[in-house]
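Presented below is the structure to which this report refers.
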Amino acid sequence: MEHLKNMQKTYTRYLITGGEGFIASNLRKRLQGEVITLDIKSGQDVRDEKLVKKTIKEFKPDIILSLAATAGIDRVEKDPIGCIETNILGVRNLLKYKGNAKFVHWSTSEAYGEQADRNTEEDVTHVGSAGSPRWTYQASKVCADHLIVNTDKNALVVRPFNIFGLEQRGHGAIADFTNWALKGQDLKIYGDGKQIRSWCIVDDFVDAVFALLESDCSGIYNVGSPDFPQTITETAEEIIKYSGTASKLYFVPKREVDVYYRVPNISKLTRDTNWTPKRDFHEELKKTVDFCRDASV
């Protein structure tokens, strides 16, 4: 909380793109000052250069939180061009008109390719073959990273690892498993279920972002929790246990490509901010399932 208190003295006017998304919504709950959002769900597209220019000119933000992106393999597959344009041209528009505002951008842990095994921020980013929805998303996000760090040396780029929590929107392993389990449906797992993830509750993630801003950090930072790596199958079974239903697991062929191992290296983050994750994954997962159960009643 001290990070938040001190940070709010520096930043008082927040522009958030992708402002109706899961992470953005959790950020907004804890910000003080004036906050406006742009989100395609409300007809406000960051690809619209005139809209971005007008919004920044009139609102004069002192910080821009750039979260607008086309994410999710199914969505990317349906509109790969929209994904590329949003993730690159949308960022270009913000950078072009941001003025002196602090620029904070949400990148992706998928930058590291199929094996994100405690990679450092300086490690090579392996871009996959052209045309695959997963790598279309990845390539556009990596391109945006290059655009940002070469345009604005004071910009902050965060690479989230496996974020989950209450009111999670859209698709994702935990969100989908929880939804299916609470409906008594069987849980679908792609591949053999041995893919490794180390999950981070969104409250810890937001704390980390505030710590980076409090410390006036710039450059690229991995953000997540390396403390609880487990297989996708183990996570699904844990959700079934917390849901109390009779759901079972069933396995289908893996997608064209998959990320087999995704656990962050946060040594740079901890070194520069003294931040470490505080919350227990298993406790937070149970809270998430309980919240979703109560919300569906």
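A few remarks follow.
- Tail fraction, Cα-Cα pairs, segment 116-257, threshold 17 Å, whole percent: 69 percent
- Here, segment 64-198 is characterised by an Rg to Rh ratio of 0.99, where Rg is the alpha-carbon radius of gyration and Rh the Kirkwood radius.
- Taken about its Cα centre, segment 212-296 carries a charge dipole of roughly 200 debye when the Cβ of each Lys and Arg holds +1 and the Cβ of each Asp and Glu holds -1.
- For the pair E49 and I81, a Förster radius of 22 Å applied to the C-beta separation gives a FRET efficiency near 0.85, rounded to the nearest 0.05.
- GluC sites (Glu not before Pro) restricted to segment 93-144 and DSSP loop, no more than 11 other C-beta within 10 Å: E122
- Think of segment 2-67 as a dipole: +1 on every Lys or Arg Cβ, -1 on every Asp or Glu Cβ, centred on the Cα centre; then among P61, G43, L27, P61 lies furthest on the positive end.
- Each helix, a run of at least 4 DSSP H residues, gives -39500 (n - 2.57); summed and divided by the residues of the chain, these come to -12500 deg cm²/dmol at 222 nm.
- Rg followed by Dmax, in Å, when segment 63-121 is reduced to its Cα trace: 13.6, 37
- Residue pairs, from the table K29/K60; K9/K50; K102/K141, whose Cα atoms sit over 28 Å apart: K9/K50
- Debye log10 I(q)/I(0) for segment 1-120, one point scatterer per Cα, at q = 0.21 Å⁻¹: -1.22
- Rounded D (µm²/s) - segment 142-200, Kirkwood Rh over Cα pairs, Stokes-Einstein at 4 °C, 1.567 mPa s: 89 µm²/s
- Size of electric dipole in the chain: Cβ of Lys, Arg +1 and of Asp, Glu -1, about Cα centre, debye, nearest 20: 740 debye
- Counting only Cα atoms, the size of segment 113-158 along its three principal axes is 32, 24, 14 Å, in decreasing order.
- Listed by chain and number, the lysines whose alpha-carbon sits under 25 Å from that of K194, ignoring those within fewer than 8 places in the same chain, are K183, K241, K248, K254, K286, K287.
- Between I63 and R13, L15, K102, the built amide H atoms are under 5 Å apart, and every one of these is 5 or more places off in sequence or on another chain.
- Residues whose amide H falls under 5 Å from that of V35, counting only those 5 or more places apart or on a different chain, are Y14, with hydrogens built in the peptide plane.
- Globularity ratio of the chain, using Cα Rg and 2.2 N^0.38 Å: 0.98
Laboratory data are not the source of any read-out in this text; all were calculated from the coordinates shown. Nothing here was measured: the structure is a model prediction, and the numbers come from that model. Note that we place each Cβ from the backbone using ideal geometry, even for glycine, and neighbour counts take in every protein chain shown.
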